[in-house]
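Q: Mind looking over this structure? Questions follow.
The values are calculated or read from the model by the stated rules, or taken from the named source; none is laboratory data. Just so we're clear, the structure is a prediction, and the values are computed from it rather than from any experiment. Here the Cβ is made from the backbone with ideal geometry for all residues, glycine too, and neighbour counts use every protein chain on show.
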Amino acid sequence: MESSLLASSQSVRSSFSAAAAAGTRGRSPHGPSRVATLAGNGNRARTLRAGPKDSILEVLAQDDMLNATELVQWESGKSVNDIAASQGIRIRRHCHPTASLEEIEKELGPPRNILEKIIWDKEIEVAQGHAKRPLEELIQAAEKAPPSRDFYGALEAAYKRNGVPALIAEVKKASPSRGVLRENFNPVEIAQAYEKNGAACLSILTDEKYFQGSFENLEKVRTSGVKCPLLCKEFVIDKWQIYNARSKGADAILLIAAVLPDLDIKYFLRICKDLGMTALIEVHDEREMERVLKINGVKLIGINNRSLETFVVDTSNTKMLLEKHGDSIREKGILVVGESGLFTPDDVAYVQNAGVSAVLVGESLVKQEDPGRAIAGLFGKELIH
Ligand SMILES: O=P(O)(O)OC[C@@H](O)[C@@H](O)c1c[nH]c2ccccc12
């Protein structure tokens, strides 16, 4: 059943592990011995077969981003959901973007939680996006877009300058957990107010169905004269979305570890590097943190205090994960962003003491009459640019 879903999937074909599963399920084009040779040979990339999947492998292997286990998994033709589950990922993919949600539910049962539901809808949305605007066209558009701004550098500089965590201020109209946060919502006005009051970077929600965001908002903010680097806040499952974000002016993109198997994270990181974008890799628990810390090239990790599966918010999550992993994070020069549920200077101080250098804040700013002025309230002082 699942294999036919996978085989007919257009949207997942451009995600790496999904491409692997869809293309090779059931029968490996290379045998295990070949995998062993590849894994044990410094020049392994060169011995790979030519072809789109293999060229991805080649690039990742050259960057020292592949390990033997991943090659074996890829070669064995496991399904996307099997690979994901083996990494502790609970969110399943339906891989059937032309089906209705009713048909999908017949296969898999109802979505287990809100995040899974969002991802199932996203698979359909991305397939429709592909049909409207082919990837090749978007790649060209992304190449022509004005160069990206240094998201990571802006956070680092702001932290040094202000002595409090750098602010990524979120342009957020609504969320599934809180409903509409601001009725009279003007994304450009909010973005300008954030910038004027010392935000280092901005986060623009682009998901329409659950967050009432849009790519139009992202474009509008980008062309309004705002200079802060912009994070495209999306549920990324396919590289098409990354090129789309860049073509609309995003400088950074969110990658959610609860949704993406390691190989997808690696592949998407590689695309971000090519596009000059920063990837903010979001984790929520121990297992995700451990997975992400094993991936080369990760520079920015966000710890979400909110579970996207249950909506429970707990700022001690940041503290707990940094107590355990702070040393290796510092060793690797990774910058950590504390995300969600921050309302007061005490909240900010708490996550700063835990070890974050930046915070991502939406609700507590956007709900106030003047979201710009709310920044000084959140930090207990004015931020300088
Ligand atoms: O509004 P808050 O609680 O300040 O949270 C902002 C941000 O962390 C949150 O919007 C967020 C974090 N990770 C996400 C992933 C998808 C959608 C939204 C999010």
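Q: Kindly indicate whether residue 171 is among the aliphatic types (A, V, I, L, M), surrounded by 12 or more Cβ atoms within 10 Å (Cβ to Cβ) and touching an Asp or Glu at 6+ places or on another chain (Cβ under 7 Å).
A: no
Q: Pairs, please: C-beta under 6 Å, at least 6 apart or cross-chain, first residue without any contact (Cβ under 8 Å) to a residue 24 or more places away in the chain and in region 329-342, second within 16 Å of the ligand (Cβ to nearest atom)?
A: Partner pairs satisfying both residue conditions: none exist.
Q: Just for region 327-362: of the residues that are within 11 Å of the ligand (Cβ to nearest atom) and surrounded by fewer than 20 Cβ atoms within 10 Å (Cβ to Cβ), which one is nearest to residue 311 (Cα to Cα)?
A: Filtering region 327-362 for residues that are within 11 Å of the ligand (Cβ to nearest atom) and surrounded by fewer than 20 Cβ atoms within 10 Å (Cβ to Cβ), the one nearest to residue 311 (Cα to Cα) comes out as 343.
Q: Against the condition in contact with a Ser or Thr (Cβ under 9 Å, 6 or more places away or on another chain) and not aliphatic (A, V, I, L, M), how does residue 156 come out, does it pass?
A: Yes, satisfied.
Q: Hand me the list of helices (runs of 4 or more DSSP H) wholly inside region 330-385 holding 2 or more residues that are more than 16 Å from residue 319 (Cα to Cα).
A: Where helices (runs of 4 or more DSSP H) fall fully within region 330-385 and carry at least 2 residues being more than 16 Å from residue 319 (Cα to Cα), they are 363-366, 374-379.
Q: Applying the selection to region 295-321, what residues are within 16 Å of the ligand (Cβ to nearest atom) and not hydrophobic (A, V, I, L, M, F, W, C)?
A: 302, 304, 305, 306, 307, 309, 310, 314, 315, 316, 317, 318
Q: Of the residues that sit in region 100-150 and are over 22 Å from the mean Cα position of the chain (by Cα) and surrounded by 18 or more Cβ atoms within 10 Å (Cβ to Cβ), which one is nearest to residue 251 (Cα to Cα)?
A: Selected residue: 104.
Q: Still on this model: For region 70-99, give me each residue that is buried (at least 19 other Cβ atoms within 10 Å of the Cβ), among the aliphatic types (A, V, I, L, M) and in a helix (DSSP H, G or I).
A: 71, 80, 83, 84
Q: Kindly indicate the residue of region 142-154 that is charged (D, E, K, R) and part of a helix (DSSP H, G or I) and also farthest from residue 277 (Cα to Cα) among those meeting that condition.
A: The residue in question is 144.
Q: Kindly indicate which of 284, 385 is out of contact with any Leu (no Cβ under 6 Å at 6 or more places or on another chain) and within 13 Å of the ligand (Cβ to nearest atom). Outline the logic, then answer.
A: Values: 385 fails: within 13 Å of the ligand (Cβ to nearest atom).
From the options 284, 385, the qualifying one is 284.
Q: Let me ask something else about it. (1) within 15 Å of the ligand (Cβ to nearest atom); (2) more than 13 Å from the chain's Cα centre (by Cα): which one isn't true of residue 257, the others all being true?
A: (2)
Q: Another question, then. Is it the case, given these coordinates, that residue 309 is among the acidic types (Asp, Glu), in a helix (DSSP H, G or I), in contact (Cβ under 8 Å) with a residue 24 or more places away in the chain and farther than 19 Å from residue 192 by Cα?
A: no
Q: Contact list please: Cβ distance under 7 Å, first residue in region 134-154 and at positive phi and modelled with pLDDT of 95 or more, second residue buried (at least 19 other Cβ atoms within 10 Å of the Cβ) and of a type in the set (Asp, Glu), pairs at least six apart or on different chains.
A: Partner pairs satisfying both residue conditions: none exist.
Q: Related question: Can we say residue 256 is crowded, with 18+ Cβ neighbours inside 10 Å and within 23 Å of residue 117 (Cα to Cα)?
A: yes
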